[in-house]
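Structure, as structure tokens:
The values are calculated or read from the model by the stated rules, or taken from the named source; none is laboratory data. Bear in mind the structure is a predicted one, so any value in this text is a computation, not a measurement. Quick reminder, even Gly has a Cβ in these numbers, built from the backbone with ideal geometry, and neighbours come from all protein chains shown.
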Amino acid sequence: MSDEVDVPADHPRYQSLLTRHRIEAGVEKGITSTQGLIAEGRGEAFDYLLGEETTPSADRAARAAAAHFLLAAHPVISVNGNVAALVPEEVVELAEATGADIEVNLFGRTEERVRAIAEHLREHGAEEVKGLTADARIPGLSHERAKVDADGIYDADVVLVPLEDGDRAEALGEMGKTEIVIDLNPLSRSARVAAVPIVDNILRALPNVTRHARDLAGASDAELAEIVEAFDPAAALDDAERRLREGAVAEDE
Ligand code: PTJ
């Protein structure tokens, strides 16, 4: 099955239909879980309420995320079944722009699905994909998401954690890792524990972080540290919540 769909580009819900199709194709290809369909619906509802655009506040978060990536000794991008279906090329581009590792980490982990996602990412240009060894565990987590590579997420200082529930995000925080979360729900636990919550659709957020990383490639560590320091995660969540309450037309900046 092709990754794209025959939807006329002038359809008013073109982007949303394309996104749904990618998730559906991901399920058919064995990379996305059926629960991923529910997660997609949830995300879509928040995106609709937030105005389906990158807000200035989410853009600042993306810039702070890029600065964290560039300052990190060992950044890792965590990939689940939804991320693999929606933005495989964009994951590879961000990894290239920041020197980050890519690691598959699944809530509904099966070895077959981990292998299928790793293969899918390689088809989209990834050279190395971690997560298959799974020779370490995140302490304090009983489910499958605890399984990580010793030289991947376990060793990372900065981890990008997109589209997931809050358990692992909390446990990673307890390990002292800096977390960057992409989640359209500003009330989600993962967004609330993140050093940098990016409340935006991953379709827009990931390329935006890459764009900022390229833009900041020549910046000094002091300049990057200043961007990191100036970012206020609580204010970013407040901005998004206000936008949800007051509507996309409300000027929240
Ligand atoms: O592939 P697996 O087995 O690791 O499973 C992955 C899913 C996504 C099924 C699993 O992590 C899950 O059930 O997640 P939740 O608890 O539904 O949380 C997903 C979060 O991502 C929700 O807060 C959604 O609003 C949000 N979300 C969904 N789609 C997008 C999104 N955020 C940004 N961009 C999206 N496209």
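Tabulated values for the structure
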read-out: Matching residues in the stretch 194-218 - criterion: being more than 13 Å from the ligand (Cβ to nearest atom) and crowded, with 17+ Cβ neighbours inside 10 Å; value: ALA195, VAL196, THR210, ARG211, HIS212, ALA213, LEU216
read-out: Hey, ALA126 farther than 20 Å from ASN201 by Cα, without any contact (Cβ under 8 Å) to a residue 40 or more places away in the chain, of a type outside the set (Asp, Glu) and not in a helix (DSSP H, G or I) or not; value: yes
read-out: Residue check, ALA73 away from the ligand (no atom under 11 Å from the Cβ) and either surrounded by fewer than 19 Cβ atoms within 10 Å (Cβ to Cβ) or modelled with pLDDT under 95 (or both); value: yes
read-out: Extreme residue, farthest from PRO197 (Cα to Cα), among residues of the stretch 30-43 that are in contact (Cβ under 8 Å) with a residue 40 or more places away in the chain and surrounded by fewer than 17 Cβ atoms within 10 Å (Cβ to Cβ); value: GLY30
read-out: Members of the stretch 58-70 that are within 15 Å of the ligand (Cβ to nearest atom) and out of contact with any His (no Cβ under 9 Å at 6 or more places or on another chain); value: ALA58, ALA61
read-out: Which numbered condition GLU226 fails, given (1) surrounded by 15 or more Cβ atoms within 10 Å (Cβ to Cβ); (2) without any contact (Cβ under 8 Å) to a residue 12 or more places away in the chain; value: (1)
read-out: Neighbours by Cβ (under 7 Å, 6+ apart or cross-chain): first from the stretch 153-176, of a type in the set (Lys, Arg); second more than 12 Å from the ligand (Cβ to nearest atom); value: ARG168/ILE138; ARG168/LEU141
read-out: Cross-chain or 6+ apart pairs with Cβ under 7 Å, the stretch 60-85 first and of a type in the set (Val, Ile, Thr), then away from the ligand (no atom under 16 Å from the Cβ) and assigned to a loop (DSSP other than H, G, I, E, B); value: VAL76/ALA100; VAL76/ALA156; ILE77/ALA100
read-out: In the stretch 90-130, the residues that are within 16 Å of the ligand (Cβ to nearest atom) and of a type in the set (Val, Ile, Thr); value: VAL91, ILE102, VAL104, THR110, VAL114, ILE117, VAL129
read-out: Residue list for the stretch 146-166, filter: within 14 Å of the ligand (Cβ to nearest atom), more than 24 Å from ALA25 (Cβ to Cβ) and out of contact with any Gly (no Cβ under 9 Å at 6 or more places or on another chain); value: GLY166
read-out: Matching residues, the stretch 149-198, being among the basic types (Lys, Arg) and either under 15 Å from ALA65 (Cβ atoms) or out of contact with any Lys or Arg (no Cβ under 7 Å at 6 or more places or on another chain) (or both); value: LYS177, ARG189, ARG192
read-out: Any chance ARG122 is in contact with a helix residue (DSSP H, G or I) (Cβ under 6 Å, 6 or more places away or on another chain) and among the basic types (Lys, Arg); value: no
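To keep it simple, each residue is scored yes or no on (1) crowded, with 24+ Cβ neighbours inside 10 Å; (2) outside any loop (DSSP other than H, G, I, E, B); (3) at positive phi.
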| position | (1), (2), (3) |
| --- | --- |
| ALA150 | no, no, no |
| VAL161 | yes, yes, no |
| GLU170 | no, yes, no |
| ILE180 | yes, yes, no |
| ASN185 | no, no, no |
| ARG192 | no, yes, no |
